[in-house]
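Heads up, the thing below is written out as structure tokens.
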Amino acid sequence: MSRISNIEELTGLYKTLEEKYLKKERYVSVCSDTACRAMGAMEVFEALKKEIESHGLEIELRIKDELVKDTGCHGFCGQGPVVVIHPEKIFYRKVKPSDAKNIVEQTLLKHEVVTKLLYKNPDTNEDIIHEEEIPFYKRQTRLLMNMNNKINPINIEDYIAIGGYQALAKALSKMQPDEIIEEMKASGLRGRGGAGFPTGWKWEDAKKHNSDIKYLICNADEGDPGAYMDRSLLEGNPHSVLEGMIIGAYAVGAPKGFIYVRREYPLALENAAIAIQNAKKLGLLGKNILGKDFSFDITIARGGGAFVAGESSALMLSIEGKPAEPRSKYIHATESGLYEKPTVLNNVETWANVPIIINKGGKWYASIGTENSKGTKIFSLVGDVVNTGLVEVPMGMKLRQVIFDIGGGISKGKKFKGVQTGGPSGGVLPETLLDMPVDYDSLTEAGSMMGSGGMIVMGDSTCMVDVAKYYVNFLKGESCGKCTPCREGLRQMHNILDRITKGTGTFEDVTLMEELAPVVATASLCGLGKSAPNPVLTTLKYFREEYEEHVKEKKCRAGVCKAIIHYEIIPELCKGCLLCLKRCPSGAVVGKKKEIHKIIQEKCIKCGVCMDVCNLDAVKVI
Amino acid sequence: MINFSINNRGVTGSEGKTILQVALEAGIYIPHLCNNDAVKPYAACRMCLVEVTKKGRKKLVTACDYPISNGLEVNSNTALVQKNRKMVLELLLVRSPNSTVLWDMAKKIGVEKVRFTGQDVDDCILCGLCVRTCNEVVGAHAIGFESRGPSRVVSTPFNEENPACIACGACSVVCPVDIIPMFEHDGIREMPRWHKKAQLVRCSKCKKYFATKEELKFIKEKSNLSEEEILVCPNCRKYSFRV
């Protein structure tokens, strides 16, 4: 493809590609995101290709990278690998390479559905054929994710064909930088990386400062355990992020941008690099973009994977080649950021929202969501929930709707206990808050946060003290160690929680924790330390009785804290089947066939195997 | 000049100064450990937390790197400041329980005992003054931080003797908790924390040991002084080269 030298040429290319794209009615979309790949999506893809070739069908096989979200199942990671047949959007789940023959012969040639690959409605047990009818998708509002199932992420033509780079054309031909900023302000878009700073104001501030050079940064360092929406966007639709950045660069007057991606995201790195290359070839990046007096270039900066490097000031130092240690932000990055120059740093999802806002207008965007939280937000719904995957919903949707209507409720017959929002330093919210709207302010008020959009659902087999200890331990290890409250405070918080889970904690420990945690939250230098006590503070607030049980009764109701629990066999239920006796790795179970078994506590290593293997629920935790 | 207030007392400072600088000049006590005018503010120890009110909004900030502005209201002793400051010091005392500087500070701000356990770490409080002095003032870059979180330590690369260290002793002088020992004996300067032993050189005039060989080489390269000049100790230099 040759360079596009002006806006008319881009519009012309769009028309040609759109027509060509619309003509391709039938195609098979294989979700090949990281999660689906792990489940064998590439083998499925190869098998389908081979099968189609052997029949000589004229069907274009598209690979939908990383967008496990949209195509009927893309985003429905728990059901991968997902295959969708267009234009009917027949949704096949958990497809194996051996299913390729059936899919081609039945669906593509005879227009019949392969029943065994269909998704079953868990409530009615009925087969669902079309992706849009699946409850998981039906209740979402997919502004960002809906493109993913339509395009091959590394093909810039696909993106242009579905209207990509039209927002850039509009911005460059019809809008002044200030108008773009006004549009962003009107949209009410707030940063999707966690802090929720209004994007338009950030841009305006950076534009205001005079400097020989300004920078844009896309933060793709997403380090939250269990969260992967940024990865999915960058893998599945990198051009939407690039387009957002180019528009931002024009508005702010920045000639240089960086995408900071962690090294653990190889596919995101690869797709982003290809996207940049292709955009350069077309002249959408580089000098005199679309014939205008405007130049912008993007470089990829690879992060080593430290959690703290996702903190904006630490990230900037990391790009500079220095250790990722946060610094005070009394002078904003929009005045002195990367290389001490005015810098706008936004998260992947924030950038991807920009083209939508420019296309449809800030006012339209602001019509979605709540008063202070506009638009949609992608959450990665994981944990003890039936439908795990990426869900995009309007701000303000109730937690209950997300977890139960979209997520399908709690898995494996467990009961809901809590949900942690916002990543490892988010708070754990109890059942009584399930009807709370999911927006920046409500979450913060409840002691949690939006964060980058992690949502970890916990069933009743989760011990809340153990959960707090787990996250404090994670954050303790990921603290850069620069400031005292975070480094020493988290160390002490972990010591206290360790004592409580081991049954040696006292009420003084709980009191001391209640004194220490708010200091860590107030006195720490950066967001990591300031938010780190959230899991402790919220579990203390909403699940206090569990702390008291651990301290007073040395009891863990969830049966998680090994040091204070023991296993027993209920004589009335045991039939003497020898199953647990044979599987016990430490020989702690004694008994004979058809005689009631017993656990010798001194020998028991509390691995829980006996309980897992017992078919009669005769083993219980005490 | 910028006019603002600390503890309801009017103070002035030139633009670019920090709250801590102006407070110290005005004789107002704000505890601090990681700050030294010789190096850039670092805001790591968090002892200098103060409450500022700007445009009606209150927040806790570190005085050592918060830039002053007209009309800024600073309060260095609110209940919130005290609560945070005391806890931070208590946390530092776990690390460095034998430091007289820390206990003197504790007395001043009302910390009486340490309620935490965990003295299983190095007694360095990780204020970074040694590292920053070595980098910013000396320019030898001989020591640095290693690892992160509670495992963070100050060390030479691979915790071995570093040829870049000139054994100048600046780190030892600047350490607020005095845990970087430096000895001189038999013409050798020893800094055991950095596994460093350096040969001392005698002054060409008074014949007393005054600097290490590496130190003189380093200074000579940086300063363009002659061999003759460099071998005279600071004390004798006063008389030898002054006009």
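Any read-out appearing in this document is the output of simple, stated calculations on the displayed coordinates, not a laboratory observation. Everything quoted here is computed from the prediction, not taken from an experiment. Here Cβ is always computed from backbone atoms with ideal geometry, including for glycine, and neighbour counts include all displayed protein chains.
For the segment A:472-482, counting C-beta atoms of other chains within 10 Å of every residue's C-beta and taking the mean gives 4.
Residue exposure proxy: A:Val354, A:Val348, ordered by other Cβ atoms within 10 angstrom of their Cβ from fewest to most, comes out as A:Val354, A:Val348. Computed about the Cα centre, the dipole magnitude for chain B is approximately 620 debye when only Lys and Arg (+1) and Asp and Glu (-1) carry charge, each at its Cβ. Ranking of A:Val385, A:Val613, B:Val177 by neighbouring Cβ atoms within 10 Å, starting from the fewest: A:Val613, B:Val177, A:Val385.
Listed by chain and number, the lysines whose alpha-carbon sits under 21 Å from that of A:Lys174, ignoring those within fewer than 8 places in the same chain, are A:Lys15, A:Lys185, A:Lys207, A:Lys287, A:Lys292, A:Lys360, A:Lys363. Local charge sum around B:Val52 (other residues, Cβ-Cβ under 12 Å, Lys/Arg +1, Asp/Glu -1)? Taking every other residue near B:Val52 into account, the sum is +3.
Mean partner shielding of peptide A:488-495, defined as the number of other chain Cβ atoms within 10 Å of each residue Cβ, is 6. In terms of surrounding Cβ atoms within a 10 Å radius of their Cβ, B:Arg9, B:Arg237, B:Arg189 rank from fewest to most as B:Arg9, B:Arg237, B:Arg189. Translational diffusion coefficient of region A:493-611 (Stokes-Einstein, Kirkwood radius from Cα pairs, 37 °C, 0.692 mPa s): 196 µm²/s. Between A:Glu18 and A:Glu515, the simple label model (points 7 Å from Cα in the Cβ direction) yields a spacing of 6.7 nm.
For the protein assembly as shown, DSSP calls about 70 percent of its internal beta bridges antiparallel. Using the Kirkwood radius over Cα pairs, work out the Stokes-Einstein diffusion coefficient for the protein assembly as shown at 10 °C and 1.306 mPa s, in µm²/s as a whole number. Estimated via Stokes-Einstein, D reaches 52 µm²/s. At a threshold of 8 angstrom on Cα-Cα distance, excluding pairs fewer than six apart, so keeping six or more, what relative contact order does chain A reach in percent? 11 percent. A cut-off under 15 angstrom between Cβ atoms defines the neighbours of A:Ile570, and their net charge, with Lys, Arg +1 and Asp, Glu -1, is -1.
Relative contact order of region B:1-141, taken over Cα pairs closer than 8 Å and 6 or more residues apart, is 24 percent. Here's the picture: charge each Lys and Arg Cβ at +1 and each Asp and Glu Cβ at -1 in chain A, and of A:Ala558, A:Leu267, A:Gly226 the one pushed furthest to the positive end of that dipole is A:Ala558. The label-point distance for A:Lys96 and A:Glu264, in a model that sets each label 7 Å from Cα toward Cβ, rounds to 3.1 nm. Taking +1 at the Cβ of each Lys and Arg and -1 at the Cβ of each Asp and Glu, which of A:Pro585, A:Thr511, A:Ser531 sits farthest along the dipole of region A:499-622 towards its positive end, judged by Cα position relative to the Cα centre? Of the listed residues, the answer is A:Pro585.
Close Lys pairs in region B:133-243 (alpha-carbon distance under 24 Å; sequence gap of 8 or more, or different chains): 29. Helical runs assigned H by DSSP (4 residues or longer) give the protein assembly as shown a calculated mean residue ellipticity at 222 nm of -9500 deg cm²/dmol, each run adding -39500 (n - 2.57) before division by the residue total. Taking the Cα centre of the protein assembly as shown as reference, the dipole from Cβ charges on Lys and Arg (+1) and Asp and Glu (-1) amounts to some 1540 debye.
Summary value for region A:432-520: 21 percent relative contact order, contacts being C-alpha pairs under 8 angstrom separated by 6+ residues.
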